[in-house]
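The values are calculated or read from the model by the stated rules, or taken from the named source; none is laboratory data. For clarity, every value in this text was computed on a predicted model and none was experimentally measured. FYI the Cβ positions are ideal-geometry reconstructions off the backbone, even for glycines, and counts take in every protein chain you see.
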Amino acid sequence: MMKTTPERRFWLIELLTNWEGRITCGHLQYYFNLGRQQASKVINQYLEANPGHLIYCTSAKSYLPATDFKPTYISHDVAEYLNWISGQSPQLPLSDDKYQLAHTILSPPARNVSPHIMRPLVHAIRQGERLEVDYGAVTHPDRSGRIIVPIRFVNTGRRWHLRAWCEKAQGYRDLVLSRLHGTPNPEGKVLSDLPPDTRARSRTFFSQLSYI
């Protein structure tokens, strides 16, 4: 989240320059209610802090990304731009639809998870305990019991799941919360030290999730 007005202005400069290929004084005037002279000053302040990032094109009457343009205020994730242009960004909410692009927003299906499932999971994570759970795995949709050691909750961007040590598989697995059934039963403290969950610290963790 941008904390100061200069950061928010620099964020918009980079967002539009990176994803739309240009930034104008008009953009800053519109979004920040600035005069043209003040908007031009903001762009110059950005260039002072980031020399060589923008070049002015007289024919387009816009600042374009230079060869050395390397954004530092945006995340480089296209979702950041798409969320903003569709009016969903907390960074700089769009006040109207003047600059919005045509878009459709689909809500993901609700994941119905009972509090009777969540409470034992939370307790087990906090206390380092084992649980017996009733889980409908992809390979065994008819559900099967297994003893797990819950480690952490992980959000993949689409849904939440549980990272846990599975005694049955003798490895770390990722359990979709909505596939848990009944009420997990406590099985006491972890019997021995668990091996390191090295994949969870890997940059490719989310492309290597081990769902069961």
Original post:
Looking at region 68-83, which of the residues that are in contact (Cβ under 8 Å) with a residue 12 or more places away in the chain and of a type in the set (Ser, Thr, Tyr) is farthest from residue 16 (Cα to Cα)?
Top reply: 72
**OP:** Would you check if residue 142 is at pLDDT below 90, out of contact with any Asp or Glu (no Cβ under 7 Å at 6 or more places or on another chain) and either surrounded by 13 or more Cβ atoms within 10 Å (Cβ to Cβ) or not in a helix (DSSP H, G or I) (or both)?
**Re:** yes
Original post:
Looking only at residues in region 1-23 that are buried (at least 17 other Cβ atoms within 10 Å of the Cβ) and of a type in the set (S, T, N, Q), which one is nearest to residue 57 (Cα to Cα)?
Top reply: 17
Original post:
How about region 76-122: which of its residues are assigned to a loop (DSSP other than H, G, I, E, B) and either of a type in the set (D, E, K, R) or at pLDDT 90 or above (or both)?
Top reply: 77, 96, 97, 98, 111
Subject >> Qualifying residues in region 28-58 (those that are part of a helix (DSSP H, G or I) and in contact (Cβ under 8 Å) with a residue 24 or more places away in the chain) - the one surrounded by the fewest Cβ atoms within 10 Å (Cβ to Cβ) >> reply: 49
Original post:
What are the residues in region 195-209 that are surrounded by 13 or more Cβ atoms within 10 Å (Cβ to Cβ), assigned to a loop (DSSP other than H, G, I, E, B) and modelled with pLDDT of 50 or more, if any?
Top reply: 197
